[in-house]
Structures are given as C-alpha cells and as structure tokens.
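One structure is given below, encoded as structure tokens.
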Amino acid sequence: MDVIREKLKLLPDNPGVYIMLDSNSNVIYVGKARVLKNRVRQYFHNSPKPEKVSKMVENIADFNYIITSSEIDALALENNLIKKYKPKYNILLKDDKTYPYIKADMREEFPTFYITRKIKKDGCKYFGPFMGGINCRDILDTLQLTFCVRLCHTSITSKPKRECLNYHIGRCSAPCAGKVSAEEYAAQVKKALNFLDGNLREAEELLKTKMISAAESENFELALDYKNKLSMLSKLEAKRITSLNKAIDADIIAYATNNLYSAVNVLVTRKGIMQGGSSFALDEAHMSDSEALTSFIAQYYLHHEVPSELIVEDFCEKELLQSYFKEKFDKNVEITLAKQGDKFKLLKMAKENAAEYLEKSVDKIRHKDDMTVNACKRLQQLLGLKAYPRRMECYDISNISGVDKVGSMVVFIDGEADRNSYRRFKIKTVEGANDFASLQEVLTRRLDKLGTDEEEKFPKPDLIIIDGGKGQLSAVKEIFDKKRIDGIELVSLAKREEEVFTLNSDESVKISHRDYSLKMLQRIRDEAHRFAITYFRNIHNKRNLSSVLSEIEGIGKVRRMALLEKFGNLDKIIAASEEELTSCDGISPAIAKKIKEYLDNNL
C-alpha cells in the first residue's frame, strides 16, 4: 500500500486511462477518467462504494496510468486495453452475437445480394440487422422469387455463360448469360432495394398473384412456398411501430443493476420496424452506472452497425459518446435522453427487459464464476501452483498413422475460452506417428516466442496443460529444461482416469469428478482435442481432394483451387451436377462432363 500511497500523490489533473494490477501483476481493471487524480483516488477513499468495486479494491496491489489528450481518446484507449488484457472486473462482450445483414453489392454493374455479419465502408448497401424470428435466407428467397435478382457471385463478363437452374424456374433473370440488359436489371434492383427499405406492398401483391397462378395450375408445393413467404412478410409488417417515423433507425439501450451484477437490453428499430433485441448479463466493477453504460456502448458498437439515433437513459454520458462516434466512426449519432412520448415507451420496454433478464441471470453469473474464476483459484490450491493460473494454454496432437500431423494450442483466460488466441501448427520435422516428438516440436515453436517482439501477441502463460499422461509430460519437460523455462507451471491430464500429473510428485493428483476445477481442465483439454481434430480433417480432406482432382485430364492447379474454394470437399463435388460444376470459374461444360465421368467411374 505504500507504493500506492506515493503514486496517488503524483497523479495528474489530465484525462487518461488507469490500469489496476493484482499481486501477480495481472491487469484486473481498466478505466477512463476525465481527471485521473480525482477518479483514481476515489477507489482508495473510505467512502461507500458498490460491493463489486470494494471486492476489486481488495485485490489491487499496484496501478499504472496513461495520459491522453482528451476524454474521447481515453474512452478509445480504454476499449483497446480491455480488448488486449481482458480484465476480470471489466465488461467483456467477447461472447456477443453479431446479427446478420443483407448486403447489396452496388459496385457491380449487375448487383448481387447476400448475407453478411460484417459492415464495411465499401460503397455497398446494408439492410438489417435481422433478428427476432426473421430469417435472412427467407428475405433473400423472397427477393429472388419476387424481383428475379441474382444471389450468386458468378463473375459477369462480355462472354455469356450458360444459364443455371434458377433462370429456368423463374428465380433469376440470368445477367451472367446475357438474358437481361443492364437497364432492365437496374430496375429490378431498384424494386428489391425499395422492398428491403420496408416497402412491402409490391412484393405482397406479386407473391399473391404468383400463389394464385401456381394453385390454379395445381402446382401446390410452389403455391405453399409463396404462402409461407407472404406469412413472413406479415411478420415483418406486424413488427412495424405505427407511431414511429418510418425513417427512424434507432437502438434503444437500457441498464439495470443490483450493485453487484448488471444487465443491459438493446432493442433495434430500422425503418420504423422493431427488428428485435438482445440482453447481456454484466459482471463488472464500475464506480457509476453512467461509466458502465458508456463502456458497454463503446464495446458494443465495435461489432455492430452504428445507428442514426440512440435512445438511452438520462444518466448516459451524451456529449462524450456523440464525440466518440464522430471521431471513431465518422458518424453523427443523435443521442436521445427520452423522458416522454413513444421513444420513452420504447425505453421503458427496454428497462423492463433488462430488469427481468438481470433477475433471471444472477444465478447464472454466480454459476459461471464457480466454473471459471473460482475453479482457477481451487486448481491453484489442489495442484500447489505458485501463482493463480490466469492464462492457461493446452496442447494436443492429431494425425492418422503419422499422416498430416498437426498440433493445436487453445487458450483459456480466467477459466474461459479466448478463441482469438488459439493457434494451429503443422508438424514439420517429425517422421511417422510420434506424438511425443510432435509435442516437443510444437512447444519449442511456442516457447521460442517468449522474450521476442511476438510476446505482445503471445503472452507468457501461467500454466501449460498437455493432453496425455506421464510420457507426454516428460517429453515436454525436456523442452522446458533445455530452454530453462521459469515461471510457467506444467501439468498433464490423462484421459482414462482423468488423473492430473505434475512435476512436483511421481503420484498423480485425483480430483473429484464433481469438482469445478476438474470440469474446467476437461473443458480446455476437450477444446484442444476438438481444435486439433478439426484442423487435421481440413488438411486431410483438402489434400485428398487435390490428389484426386489432379488425376483428371484438363484439371490443373488453378481449376483445382477454384473447385476447392467453391465446394470445399470431395463429397460435395461428387454430389454436384454438371450444371453446378460449370458455375465454378474455369469449368466449361466439357470439363464438367469429364469430372463427372471420372468421379462416377472411379469413386
């Protein structure tokens, strides 16, 4: 505490970011401040604090700070540091679901429409997000049925291609085959964009006409399809909020807390239609509700479309967020502190959703703590680890008879998977099926990154877990000894009896199967195994596919790669028709026929 007292005296009046550290120098909290001196000192005053903050303060052994030129810069830096360090007392939205959008690629002469989950500044038009029971594929299907626009990525050149099945069944006007002019197709696209903007009437009338026509010609299956599409349009229309202006694109965000845990509800309206919403349970240690809400919003919009308007509660840091959106996304966002009218009713709905979600989530959050952070603490006690195992890495090897050998590294932080840190390895130096030597190669390559510029990307782990028994543990220990590794604990988990082997004893440690710490070890071991197997199958299937295709006359490297990219595996190529094969770049009808004949005769 003497170090902290001295540092508190030296805090500046500038805006910036502060970083709280525990006794093992792990970052446990990152916050932003308009005035660093005032904010950081609040944590160490005896004044009443939220319970979660008090618990966090008990674990603070030191702190650092970074001065910024403005509070906006501090908010942006706070976001980056949270993403980098994943502190246990900050809001972390890593498991957040990104909803789908429909993208119209307007850069092309004959635009195509498809589903995406990422929005870019690329000159394309985006519609969505789609949630709350509205399926993007149904929307695209309706676009094609109604307006005959294309949904494929076939390159359109001056040389016409052979039209596909969609043209023959009236679902596409086949611009790739020269069956429609650019002007005619542009008119179809205009109607499709109008539909995606929420003007559903023309689509409804067209679908009704087609449904009646199909029923009259006794094509009842097609008539039923049209009827289902009309039902989906009715769902969309029912979600329209009649009192809202159709031009309003707003997100409504409400926050609820019990001073220990919190929840946020986000409702999404586009073109006056309620698209749906999502709720988030938060386990954080902010000093105020406004801080918590600002931190959530800043993180949330790193992965979601920024709306034209945000409807929020009156404690929101309005000016700061408006400046942040302008600087970070170059977008003017109107932030409405709704206190009456229809927007207030929407905010009230979001608040009720947040409060209900919080009530239902408290037990889940506590259970999650038991399965993660508390399981890490218990594992430290049971295995006699010198430090809390915050960053754990687990390794596994996969191959069949020594062919296509691969290794996997998965990372858990505070007992939770950090999928962005996973890594895969192709075994380069080992002959045959030798798992011990393969593990040694993988660990050598991993540990070589310590003490280099790459350690920023691959931080030093607290604990390395090997999938295996004594033999695998001994093999990896040889690498530890050779490289004189210090400060990293090493254990292995054997599958048969779920025994844990350590370097401290010849005897294994047997943990109760009901213990959360063993369940956590099993999760990380099973994840390493799954990740290795998936990588092995990808390599094995692609190698086999490339090998088979190379035996067909006329299929060189470029065509093999095109087929591989289009279909992904051999089973899908075998199942494809000649017509479907010709949709792949470089595959003419003659080549497609050769492929089908070869595969039919040899496989």
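The values are calculated or read from the model by the stated rules, or taken from the named source; none is laboratory data. All values reported here derive from a predicted model rather than from experimental measurement. Glycine also receives a Cβ, built like all others from the backbone with ideal geometry; neighbour counts cover every protein chain displayed. Note: areas computed on protein heavy atoms with side chains; ligands, DNA, RNA excluded. Shrake-Rupley method; radii C 1.70, N 1.55, O 1.52, S 1.80 Å.
So the values come out like this:
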quantity	calculated
Helices (runs of 4 or more DSSP H) fully within segment 117-205 counting 2 or more residues that are closer than 26 Å to residue 585 by Cα and among the charged types (D, E, K, R)	136-147, 182-196
Residue pairs meeting the criteria (Cβ under 9 Å; at least 6 apart or on separate chains; first farther than 16 Å from residue 292 by Cα and without any contact (Cβ under 8 Å) to a residue 40 or more places away in the chain, in segment 310-325; second open to solvent by 40 Å² or more (accessible area, probe 1.4 Å) and in a loop (DSSP other than H, G, I, E, B))	322/332; 325/331; 325/332
Residues satisfying the stated conditions in segment 110-122, i.e. open to solvent by 60 Å² or more (accessible area, probe 1.4 Å) and either under 13 Å from residue 190 (Cα atoms) or without any contact (Cβ under 8 Å) to a residue 60 or more places away in the chain (or both)	117, 118, 120, 121
Breaking point among (1) open to solvent by 60 Å² or more (accessible area, probe 1.4 Å); (2) at pLDDT 90 or above; (3) not charged (D, E, K, R), for residue 367	(2)
Test: residue in segment 58-76 that is surrounded by 13 or more Cβ atoms within 10 Å (Cβ to Cβ), farther than 25 Å from residue 387 by Cα and of a type in the set (Asp, Glu)	yes
Members of segment 167-177 that are open to solvent by less than 40 Å² (accessible area, probe 1.4 Å) and either in contact with a Lys or Arg (Cβ under 6 Å, 6 or more places away or on another chain) or modelled with pLDDT of 85 or more (or both)	172, 173, 174, 175, 176, 177
Lone qualifier among 324, 395, 422, 357 - being over 30 Å from residue 537 (Cα atoms) and open to solvent by less than 30 Å² (accessible area, probe 1.4 Å)	324
Tally of residues being open to solvent by 30 Å² or more (accessible area, probe 1.4 Å) and closer than 16 Å to residue 18 by Cβ across segment 77-87	4
Only listed residue being touching a Gly at 6+ places or on another chain (Cβ under 6 Å), within 15 Å of residue 535 (Cβ to Cβ) and crowded, with 22+ Cβ neighbours inside 10 Å, chosen from 406, 442, 410	442
When residues of segment 246-288 are limited to those that are under 16 Å from residue 353 (Cβ atoms) and assigned to a loop (DSSP other than H, G, I, E, B), the one nearest to the chain's Cα centre (by Cα)	261
Scope segment 396-428; condition under 30 Å from residue 378 (Cα atoms), assigned to a strand (DSSP E or B) and touching a strand residue (DSSP E or B) at 6+ places or on another chain (Cβ under 8 Å); matching residues	396, 397, 407, 408, 409, 410, 411, 412, 413, 417, 423, 424
Number of the exception - residue 577 against (1) surrounded by fewer than 17 Cβ atoms within 10 Å (Cβ to Cβ); (2) modelled with pLDDT of 75 or more; (3) small (Gly, Ala, Ser); (4) closer than 30 Å to residue 439 by Cβ	(4)
Residue count for segment 213-233, restricted to those that are surrounded by 12 or more Cβ atoms within 10 Å (Cβ to Cβ) and either at pLDDT 85 or above or part of a helix (DSSP H, G or I) (or both)	14
Some residue of segment 155-166 being touching a helix residue (DSSP H, G or I) at 6+ places or on another chain (Cβ under 8 Å), open to solvent by 70 Å² or more (accessible area, probe 1.4 Å), under 22 Å from residue 223 (Cα atoms) and of a type outside the set (A, V, I, L, M, F, W, C)	no
Residue identified as surrounded by fewer than 17 Cβ atoms within 10 Å (Cβ to Cβ), among the charged types (D, E, K, R) and more than 28 Å from residue 281 (Cβ to Cβ) among 345, 386	386
Per-region count, segment 18-55, residues more than 28 Å from the chain's Cα centre (by Cα) and open to solvent by less than 30 Å² (accessible area, probe 1.4 Å)	6
